[in-house]
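A.B. asks: Okay, here's the structure, questions in a sec.
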Amino acid sequence: MRISSWIAVCAFLTVPAYLAGQSIQINRENKTIAISTTDEATTTADIAAVTVGFEVFGPDAETVYADGGKLSHAVLEALHKAGVDDKSIESSGQGLQRNTNFDDKDKPEQRARKQFVMRQSWEVSVPPQSAGSIIRDAVAAGANQSGAIEWRVADRKALQAKAAESALVKAREVANHMAEGLHVKLGSLIYASNETPNVKLFIPKADRFLNTESASLSGTVPIPLPTLEIRPQTVREEATVYAVFAIE
């Protein structure tokens, strides 16, 4: 009876705060060990969500809007020519406003040409091997604020399930060690639940955009741009599992 009481106290202390409202009874009568563990699963990203965008300056709102409209159509046309369909392109931001961010070295005539600024951006989802060419084609079309990539997996639920499975295996291992220390035998799993896993993406913190000065609408023949060498990153899913095991 003394051992059972000690087990019940230990098990109760392991119950996480988020389960305080659950109707699980852990006491001397039911003889259980409750474990809360966290583990992760990893895989290589199979989707590159590339940020493509531009900013253009002008002396007045009408001029900036007209130039921005031309750039907007040019960038989307370049994406379509690259084989990206509309369902893989999502608008992420657009706006026209008075420019208040001037360089201290700007001369009065330079400031006069930058009184307004228009920005527009899209998120383009493509296979990782296409990310470099998409950035190249977009920049060539005038997308001077492009290059950030968010790495994703198409089947995120499968990765979440794998993380939860690993956490449950770890929970049993911990429960086994606890049972051995108490000189009792671990029985079957009688209850298990997991929190919603949180995806952890590893994205570079610096140089996320390719800034190529202001966009140009001139009719000169552009110099062909090289394709960036981009490799997919690792995506991690983390799961926390709460498991209750019977003891014999």
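The values are calculated or read from the model by the stated rules, or taken from the named source; none is laboratory data. Every value quoted in this text rests on a predicted model; they were computed, and no experiment measured them. Every residue, glycine as well, gets a Cβ built from its backbone with ideal geometry; the counts of neighbours run over all protein chains shown. For the accessible areas, the whole protein counts, side chains as well, though only heavy atoms, and no ligand, DNA or RNA atoms are used. Shrake-Rupley method; radii C 1.70, N 1.55, O 1.52, S 1.80 Å.
A.B. asks: Here is a check on your reading of the model: is D60 at pLDDT 85 or above, among the acidic types (D, E) and either over 30 Å from D137 (Cβ atoms) or in contact with a helix residue (DSSP H, G or I) (Cβ under 7 Å, 6 or more places away or on another chain) (or both)?
C.D. replies: yes
A.B. asks: Out of curiosity, is A20 touching a Pro at 6+ places or on another chain (Cβ under 7 Å), surrounded by fewer than 12 Cβ atoms within 10 Å (Cβ to Cβ), modelled with pLDDT under 95 and among the aliphatic types (A, V, I, L, M)?
C.D. replies: Taking the combined requirement at face value, the residue does not satisfy it.
A.B. asks: Return the residues of region 41-93 that are open to solvent by 40 Å² or more (accessible area, probe 1.4 Å) and part of a helix (DSSP H, G or I); say none if nothing qualifies.
C.D. replies: Residues of region 41-93 open to solvent by 40 Å² or more (accessible area, probe 1.4 Å): 42-44, 46-47, 57, 59-60, 62-63, 65-66, 70, 73, 76-77, 80-83, 85-87, 90-92.
If the condition is that a residue be open to solvent by 40 Å² or more (accessible area, probe 1.4 Å) and part of a helix (DSSP H, G or I), then E62, T63, Y65, A66, K70, H73, L76, E77, H80, K81, D86, K87 are the ones that fit.
The rows are residues; the columns are (1) part of a strand (DSSP E or B); (2) of a type in the set (S, T, Y); (3) surrounded by 12 or more Cβ atoms within 10 Å (Cβ to Cβ); (4) touching a Gly at 6+ places or on another chain (Cβ under 6 Å).
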{"site": "G95", "(1), (2), (3), (4)": "yes, no, no, no"}
{"site": "T100", "(1), (2), (3), (4)": "no, yes, no, no"}
{"site": "V117", "(1), (2), (3), (4)": "yes, no, yes, no"}
{"site": "S121", "(1), (2), (3), (4)": "yes, yes, yes, yes"}
{"site": "V124", "(1), (2), (3), (4)": "yes, no, yes, no"}
{"site": "A131", "(1), (2), (3), (4)": "no, no, yes, no"}
{"site": "R136", "(1), (2), (3), (4)": "no, no, yes, no"}
{"site": "V139", "(1), (2), (3), (4)": "no, no, yes, no"}
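A.B. asks: Suppose we keep only residues that are open to solvent by 80 Å² or more (accessible area, probe 1.4 Å) and out of contact with any strand residue (DSSP E or B) (no Cβ under 8 Å at 6 or more places or on another chain) within region 104-115. Which one would you say is farthest from R136 (Cα to Cα)?
C.D. replies: Restricting attention to region 104-115, the residues satisfying the condition of being open to solvent by 80 Å² or more (accessible area, probe 1.4 Å) are 104-105, 107-109, 111, 113.
Among the residues that remain, those that are also out of contact with any strand residue (DSSP E or B) (no Cβ under 8 Å at 6 or more places or on another chain) are: 104-105, 107-109, 111.
Values: D104: 32, K105: 31, K107: 32, P108: 34, E109: 32, R111: 30 Å.
So the residue we want is P108.
A.B. asks: A follow-up question, please. Have a look at K170, K157 and point out the one that is under 26 Å from R236 (Cβ atoms), part of a helix (DSSP H, G or I), within 21 Å of the chain's Cα centre (by Cα) and among the basic types (K, R).
C.D. replies: The conditions single out K157.
A.B. asks: Enumerate the pairs (first residue in region 82-110 and on the phi > 0 side of the Ramachandran plot; second residue anywhere and outside any strand (DSSP E or B)) with beta-carbon separation below 9 Å, excluding pairs fewer than 6 apart on the same chain, so at least 6 apart or on different chains.
C.D. replies: G83/S130
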